[in-house]
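The values are calculated or read from the model by the stated rules, or taken from the named source; none is laboratory data. For clarity, every value in this text was computed on a predicted model and none was experimentally measured. Note that we place each Cβ from the backbone using ideal geometry, even for glycine, and neighbour counts take in every protein chain shown. Note: areas computed on protein heavy atoms with side chains; ligands, DNA, RNA excluded. Shrake-Rupley method; radii C 1.70, N 1.55, O 1.52, S 1.80 Å.
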There are 2 protein chains.
Amino acid sequence: MKYFPELLKHGIACTPRYVSKVSSSKPHSLSNSKRKSTDGDHVWKISLLKRLKSNNTDFKDQKKGGGKDAIAGKNIIFVAGLGCIGMDTSREIVKSGPKNLVILDRLEKPEAIKELSGMNPKTKVTFHPYDVTVPLEESVKLMKTIFDKLKTVDLLINGAGILDDHEIEQTIAVNFTGTVNTTTAIMPFWDKRQGGPGGVIANICSVTGFNSIYQVPVYCASKAAALSFTMSLARLTPVTGVTAYSINPGITKTTLVNKFNSWLDVEPCVAQLLLAHPTQTTKQCAKSFVKAIKENKNGAIWKLDLGTLEAIKWTKHWDSHI
Amino acid sequence: MKYFPELLKHGIACTPRYVSKVSSSKPHSLSNSKRKSTDGDHVWKISLLKRLKSNNTDFKDQKKGGGKDAIAGKNIIFVAGLGCIGMDTSREIVKSGPKNLVILDRLEKPEAIKELSGMNPKTKVTFHPYDVTVPLEESVKLMKTIFDKLKTVDLLINGAGILDDHEIEQTIAVNFTGTVNTTTAIMPFWDKRQGGPGGVIANICSVTGFNSIYQVPVYCASKAAALSFTMSLARLTPVTGVTAYSINPGITKTTLVNKFNSWLDVEPCVAQLLLAHPTQTTKQCAKSFVKAIKENKNGAIWKLDLGTLEAIKWTKHWDSHI
C-alpha cells in the first residue's frame, strides 16, 4: 500500500507530493527519476551538493517552545492514556492544565474519564475508542475527527503497548507498527511542507530497547524499534517541523509486569525474577514523564527508572553522512 | 496465537512444555501458577534464589566449536541466499565447502542455483521457495521437511530484507517478524530442553540498526528490532543451546539501495545522497560475512562496512539484573 495516496483521500490540503525543503523550488527536477535535459542534470547536481553540505553536520538538539509550558493550555492526544502507566500520567498531565486531553484507548473506562474530567476546571477530557492495530486509513480518519473539532493539536503521546512473547505478531503490531502508523497518521496535519504548524511526538518506548530482558526478546525488539523510529523522527524536524522524544520507563509496577509469557517459555518465572529487583511505581514514573514533557527536548532519549529522569546519550557506531 | 501448541502439532518430540534449565527437576512446582502447598512454596523460593544468583552475572561471549570450521562439512540453511548480498555470500560459502547449502528464497533462480551447484563438488546446493511473511506454522513445516532430509542443520542464516518506507507493514513483516518467525520455527529442532543438539543463527541486520538513516525510519527501526532480537538470542544460549550473532552490513552497492522510497517522501533523493558517499561491493561484504561465520562468536555484533569486519561493543544503559 502506498501511504501517500491513502492520506490524500481524506481531504487534507497538501501539495501533489511531499517535497523536501531543499528541493522545494524545483520539486520536479529532483523527484522525477526520468530526468533528461542537461539543464535538469545541472540543477540536480547542484542541489545534491547543497544537501551533502547541509546534511553532513551532526544533529543538534533543539528546544521547541523553550520557556513556554508544553502542557498548560495545550491540546494533547494520549494514546493508551488509561493504561498501566497511562492513567497516572494522565492524572499528572491534567494537574498541569492542558486545554484538551483527548484520550484514545482500546476500552472506554467511564470511571477513569469521570475522575480525570473532575480534576481540573481548565481541562476538557474526552475519549475516543482506538486500537492502534487498525489500518492506517482508520487512524487518519480519527485524527481528522479530532483536528476538525480542536483545530490544533500540540502533542501526541503514543503509549500503546503489550508484553506477551507468546504473541509475536500482536506484540509487533501494537508496540512497533501501532506507533509508526499513529505517527504517520498525524503527519499530514502537522507537516510544515503542507503548511502545517508542526507538533510534538512523545513515544513511550522502554529501557528494554536499550538493553533487553533477553527472556522476552520479541517485546524488547519491538521497543528497540519504537526507540529507533523516534530517534529518526527527531532528526527529521528540519523537514517536517515535527519534534520527537522517547520516554523509556524502567521496570514499573503495573499489571503488565505482574505476569507475562517469555518467548518459548525460556523463563517461566520472568515476572517474579524481575520484580525481585527494585522497581518504580506508576506514580513515580508519571511524575518523571511530565517533567520530560515539560523539558520538551527534541531528540531526547529519556530514561525513567527508579523514580529518576535521565537523558541518555546514544552511542554512534555508524554514520550515514546524509 | 500461542506458538507452543502450534509447534507441537508437527510431531516434534518435546516435553509437555518448555521448562527452563534450573527448574527442570521440578518443572511443575515452578510452572504451575496455582501452587498451594507450603512445600511447593519452599521449592519455589529456593529455585528463585538460585536463579537470581545464577542469572545476575554479566554475559560472557562464548565460542562454540572454536577451532573447527563453521562451514566445511556443515549443513547450512540460507534464507534469501540468492538476494542482493545473499548471492555473493552463497558463492563465498560454497567455496568453503559445506556439505549442504539449502537456499530458501521467494523466487527460484535456476541459473543461480546451477552456478552454485557447479562450484564445489563437496557441496550439494538445494532450493525451497520461502516467503518469510507466511504464518509461523508454514515455516515450521518447511523446517521439518529440511530436517527430515538432512537430519541435522548447523547454521541458519536469516537474510530476508526489503527497503521501502512507503511499505510500512511489509517492511516490518519481512525485516522483523520474518526473522523472529523463522528463528522460532527452527527452535524445536535445536532446543536443548527438548534434547536438541543446539545450532547457530546468523541474522543479517544492518548498521542502520545502530544509528539510523533517518529518512527511512521504518526500515532502520525494523533492523534495530532484528538486532535487539539477535542480542537476546545470544543471551539465551544457556537455556536453548542455540548461539546467535548479527551481521550488520554498511551501505553495500546492491539493487536494494539503487532507488528506494523514504518515509512520506521526506527525502526523494535518499538513494543518490547515500551512494555519493563511499560504499562497499557485495563481494567485499560477502568476504567479511564468511569471516564472521568462521569466527562463530556467540553474541557478536559484526559491523561489515567498507570492506572491513569489526565487532561492535554495545553500550549498557540499563540492566534487567535477571
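For the range B:223-244, the set of residues classified as of a type outside the set (S, T, N, Q) and assigned to a helix (DSSP H, G or I) consists of B:LYS223, B:ALA224, B:ALA225, B:ALA226, B:LEU227, B:PHE229, B:MET231, B:LEU233, B:ALA234, B:ARG235, B:PRO238, B:VAL239, listed by residue number. Whether any residue in the range A:104-111 is crowded, with 17+ Cβ neighbours inside 10 Å and in contact with a helix residue (DSSP H, G or I) (Cβ under 6 Å, 6 or more places away or on another chain) is what I want to check. No, the range A:104-111 contains no residue that is crowded, with 17+ Cβ neighbours inside 10 Å and in contact with a helix residue (DSSP H, G or I) (Cβ under 6 Å, 6 or more places away or on another chain). Candidates are the residues of the range A:274-322 that are part of a loop (DSSP other than H, G, I, E, B) and away from chain B (no Cβ under 14 Å); the one that is surrounded by the fewest Cβ atoms within 10 Å (Cβ to Cβ) is A:THR281. Name the single residue, out of those in the range B:187-215 being touching a residue at least 60 places away in the same chain (Cβ under 8 Å) and away from chain A (no Cβ under 11 Å), that is nearest to B:ASN75 (Cα to Cα). The selected residue is B:VAL200.
Give the residues of the range A:116-140 that are within 18 Å of the chain's Cα centre (by Cα) and among the β-branched types (Val, Ile, Thr), sorted by residue number. Scanning the range A:116-140 gives A:VAL132, A:THR133, A:VAL134, A:VAL140. Checking B:ILE162, B:ILE186, B:ILE172 one by one, the residue that is more than 26 Å from B:ALA311 (Cβ to Cβ), open to solvent by less than 10 Å² (accessible area, probe 1.4 Å) and at pLDDT 95 or above is B:ILE172 and no other. Residue count for the range A:228-239 under the criterion of being open to solvent by less than 10 Å² (accessible area, probe 1.4 Å) and more than 7 Å from chain B (Cβ to nearest Cβ): the result is 2.
Right, B:VAL266: at the interface with another protein chain (Cβ under 7 Å from one of its Cβ atoms) and buried (at least 24 other Cβ atoms within 10 Å of the Cβ) or not? Yes: the conditions hold for B:VAL266.
Taking the stated definitions as given, is B:ASN258 under 18 Å from A:SER320 (Cβ atoms), polar (S, T, N, Q) and in contact with a Ser or Thr (Cβ under 9 Å, 6 or more places away or on another chain)? Considered against the rule, which asks whether it is under 18 Å from A:SER320 (Cβ atoms), polar (S, T, N, Q) and in contact with a Ser or Thr (Cβ under 9 Å, 6 or more places away or on another chain), B:ASN258 comes out as no.
Yes/no matrix, rows are residues, columns are (1) under 20 Å from B:GLU167 (Cα atoms); (2) assigned to a helix (DSSP H, G or I); (3) of a type in the set (Ser, Thr, Tyr); (4) open to solvent by 10 Å² or more (accessible area, probe 1.4 Å):
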| site | (1), (2), (3), (4) |
| --- | --- |
| B:ILE201 | no, no, no, no |
| B:THR208 | yes, yes, yes, no |
| B:SER212 | yes, no, yes, yes |
| B:GLN215 | yes, no, no, no |
| B:ALA221 | yes, yes, no, no |
| B:SER246 | no, no, yes, no |
| B:PHE260 | yes, no, no, yes |
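The single condition among (1) at pLDDT 50 or above; (2) at positive phi that A:CYS84 does not satisfy is (2). Take the conditions within 14 Å of chain A (Cβ to nearest Cβ) and either outside any loop (DSSP other than H, G, I, E, B) or in contact (Cβ under 8 Å) with a residue 24 or more places away in the chain (or both) and apply them to B:MET119. Does it pass? No.
Out of A:LYS144, A:LYS151, report the one residue that is surrounded by fewer than 18 Cβ atoms within 10 Å (Cβ to Cβ) and touching a His at 6+ places or on another chain (Cβ under 6 Å).
Values: A:LYS151 fails: touching a His at 6+ places or on another chain (Cβ under 6 Å).
Of the residues listed, the single one that is surrounded by fewer than 18 Cβ atoms within 10 Å (Cβ to Cβ) and touching a His at 6+ places or on another chain (Cβ under 6 Å) is A:LYS144.
Looking across the range A:76-101, the residues that are assigned to a strand (DSSP E or B) and in contact with a Phe, Trp or Tyr (Cβ under 7 Å, 6 or more places away or on another chain) come down to A:VAL79, A:LEU101.
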